[in-house]
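Colleague: Just passing along the structure, written as structure tokens.
The values are calculated or read from the model by the stated rules, or taken from the named source; none is laboratory data. Since we're looking at a predicted model, the values are computed, not measured. In this analysis, Cβ positions are derived from the backbone assuming ideal geometry, glycine residues included, and neighbour counts consider all displayed protein chains. To get the accessible areas, we keep the full protein, side chains included, count just its heavy atoms, and leave off ligands, DNA and RNA. Shrake-Rupley method; radii C 1.70, N 1.55, O 1.52, S 1.80 Å.
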Protein chains: 2
Amino acid sequence: MALIFHERVGLDGRRISPFSWRIRYALAHKKIDAEVVPTRFADVGRIRALSNQHFVPIIEHNGQVVHDSWSIACYLEDHFADRPSLFGGAIGRGASRLVNDWADSVLAATMRQHIYGDFIWCIDPGDRAYFRGSREAVLGMTLETYCAERDAMLPALWGACAPLERTLSKQAFLAGDSPAYVDYVVFSVFQWARIGSPRDAFADAAKLAATRDWRARMVALYDGLGDRFPLYPAERSGPDGRTTEQVKT
Amino acid sequence: MALIFHERVGLDGRRISPFSWRIRYALAHKKIDAEVVPTRFADVGRIRALSNQHFVPIIEHNGQVVHDSWSIACYLEDHFADRPSLFGGAIGRGASRLVNDWADSVLAATMRQHIYGDFIWCIDPGDRAYFRGSREAVLGMTLETYCAERDAMLPALWGACAPLERTLSKQAFLAGDSPAYVDYVVFSVFQWARIGSPRDAFADAAKLAATRDWRARMVALYDGLGDRFPLYPAERSGPDGRTTEQVKT
């Protein structure tokens, strides 16, 4: 039975989730053909029934249901052990988990301030009200207010990437000569930004040239996997999810 | 011929360098007996003659001279391949380099603001004028001014450690179930702070309990290696290196 991959999608099939992207790259790395189930936020009923929680991605394989991208990566590594390794052994797995935690708690947390105000337009129109409401409740402000000072926050974003630049000035990938899960995890956040905003927050980062080159190499992997789906929409259209009233006017 | 390890020392044999500490742990990990050459900043002539540069640590082995802690770790891994591995293979090595670069460019850079004003007193009295002058030239202010707002900077330090806490809440060491070079690199910065300041900047960090526990496990490794040398001196005495005039008064 084919592996089933429940993957987050947005407007017109856009792949909008960094967590789903890292699994998509991991599947490509291991040459696993998956049956993809595009999953909107509105599909939460199916996800809950399947996994008793609401996060995506999820995989189903041989009767097992696995959620949480790190757990999925470990599952793939352990159950497809004859395929190219994502971690390269126990120490690599341990260190990859630290990089995973850094990518989520530092890099993605910094990145979202640069994209959230744009990102809403990449989301399926039917999901926007949910996305906006849930995120603004956490942030305590509108997405647009949250991102209003993003130009002033560029140095913080670039500074957070300084370790990447150091490493990528000395080796082609974060995992060394060839890419592995550490690359997919970190790249997934850059890919989220590529799709989630029309602005390249790194275009003017003079000290991140090696990181930009690596990003381009990551996009090109697996027959241009990073460009297989639509990037930021040319037009912002449809309800923006701000309020029902605003949508009606 | 025994491996020779030129290791940075301070006041009364204190081990004051995070770069030397990571190599000391790496040597213990690989069970390599080394002949240690304690090295003060004043010994720069010997270091330059040996390696054509002025940084420590340095190792000498089979006629080769290797400097830069990352290069030394790679040398040990490659030339003592039958001993326990520091990286666990190519992917682990790649990821360890990223953690190494994070530890230096983020963690150590944040940590030093919490210890530099105290640290001067751990340095050999004959080295203090050099240390103070070289560091203050880079900082553009005195060590004491640099650290004056350190209480206000505690949240930034703790925030920088958030990825560590996430990982160490789920596994005993950064490398997984057992320690490896990623642990030594990150711990070396904590160890620098343990020795370089009487204040434990993490004592009140409510959200870093797993990181503190890991720090204690790291100290205890290899028969308590982290406590083998003196910690912060009980008294601050001797010239502080500020100016010759102040020393004389």
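Colleague: Take B:ARG194 and tell me if it is at pLDDT 95 or above and more than 14 Å from chain A (Cβ to nearest Cβ).
Modeller: Yes, satisfied.
Colleague: Return the residues of segment A:72-103 that are more than 11 Å from chain B (Cβ to nearest Cβ) and either within 16 Å of the chain's Cα centre (by Cα) or of a type in the set (Gly, Ala, Ser) (or both); say none if nothing qualifies.
Modeller: Within segment A:72-103, A:ILE72, A:ALA73, A:ALA81 qualify.
Colleague: Suppose we filter segment A:163-176 for residues that are on the phi < 0 side of the Ramachandran plot and either β-branched (Val, Ile, Thr) or crowded, with 18+ Cβ neighbours inside 10 Å (or both); how many remain?
Modeller: Total satisfying the criteria: 9.
Colleague: For segment B:56-92, which positions are closer than 15 Å to A:GLN171 by Cβ and surrounded by 24 or more Cβ atoms within 10 Å (Cβ to Cβ)?
Modeller: Scanning segment B:56-92 gives B:ALA73, B:PHE87, B:ILE91, B:GLY92.
Colleague: Would it be correct to say that B:SER188 is away from chain A (no Cβ under 14 Å) and either buried (at least 19 other Cβ atoms within 10 Å of the Cβ) or among the hydrophobic types (A, V, I, L, M, F, W, C) (or both)?
Modeller: Details: away from chain A (no Cβ under 14 Å): yes; either buried (at least 19 other Cβ atoms within 10 Å of the Cβ) or among the hydrophobic types (A, V, I, L, M, F, W, C) (or both): yes.
Answer is yes for this residue.
Colleague: Could you list all residues from segment B:36-55 that are part of a helix (DSSP H, G or I) and under 16 Å from the mean Cα position of the chain (by Cα)?
Modeller: B:PHE41, the sole residue that qualifies.
Colleague: From the list B:ASP124, B:ASP177, B:ASP151, which one is within 30 Å of B:ALA210 (Cα to Cα) and either at pLDDT below 95 or away from chain A (no Cβ under 14 Å) (or both)?
Modeller: Every option except B:ASP151 fails the conditions.
Colleague: For segment A:137-149, give me each residue that is open to solvent by 50 Å² or more (accessible area, probe 1.4 Å) and of a type outside the set (S, T, N, Q).
Modeller: A:ALA137, A:VAL138, A:GLY140, A:MET141, A:GLU144, A:ALA148, A:GLU149 - these are the residues of segment A:137-149 that are open to solvent by 50 Å² or more (accessible area, probe 1.4 Å) and of a type outside the set (S, T, N, Q).
Colleague: Let me ask another. When you go through (1) open to solvent by 10 Å² or more (accessible area, probe 1.4 Å); (2) within 14 Å of chain B (Cβ to nearest Cβ); (3) in a helix (DSSP H, G or I); (4) in contact (Cβ under 8 Å) with a residue 60 or more places away in the chain one by one for A:ALA109, which number turns out not to apply?
Modeller: Condition not satisfied by A:ALA109: (4).
Colleague: Could you list, in sequence order, the residues of segment A:160-195 that are in a loop (DSSP other than H, G, I, E, B) and among the aliphatic types (A, V, I, L, M)? Give the steps one after another, and end with the answer.
Modeller: So in segment A:160-195, the residues in a loop (DSSP other than H, G, I, E, B) come out as A:161, A:169-172, A:174-175, A:177-180.
Within segment A:160-195, A:ALA172, A:LEU174, A:ALA175, A:ALA180 qualify.
Colleague: Also, quick follow-up: Select from segment A:5-18 the residues that are closer than 16 Å to A:MET218 by Cβ and part of a loop (DSSP other than H, G, I, E, B) and list them in ascending order. Steps first, please.
Modeller: Looking only at segment A:5-18, we keep the residues that are closer than 16 Å to A:MET218 by Cβ, and these are A:15, A:18.
Residue satisfying the conditions is A:ARG15 alone.
Colleague: Looking at B:VAL66, is it assigned to a strand (DSSP E or B) and closer than 28 Å to A:ARG166 by Cβ?
Modeller: yes
Colleague: Please verify whether segment B:19-35 includes one or more residues that are open to solvent by 10 Å² or more (accessible area, probe 1.4 Å), of a type in the set (A, V, I, L, M, F, W, C), in a strand (DSSP E or B) and touching a strand residue (DSSP E or B) at 6+ places or on another chain (Cβ under 8 Å).
Modeller: The answer is yes; a qualifying residue exists.
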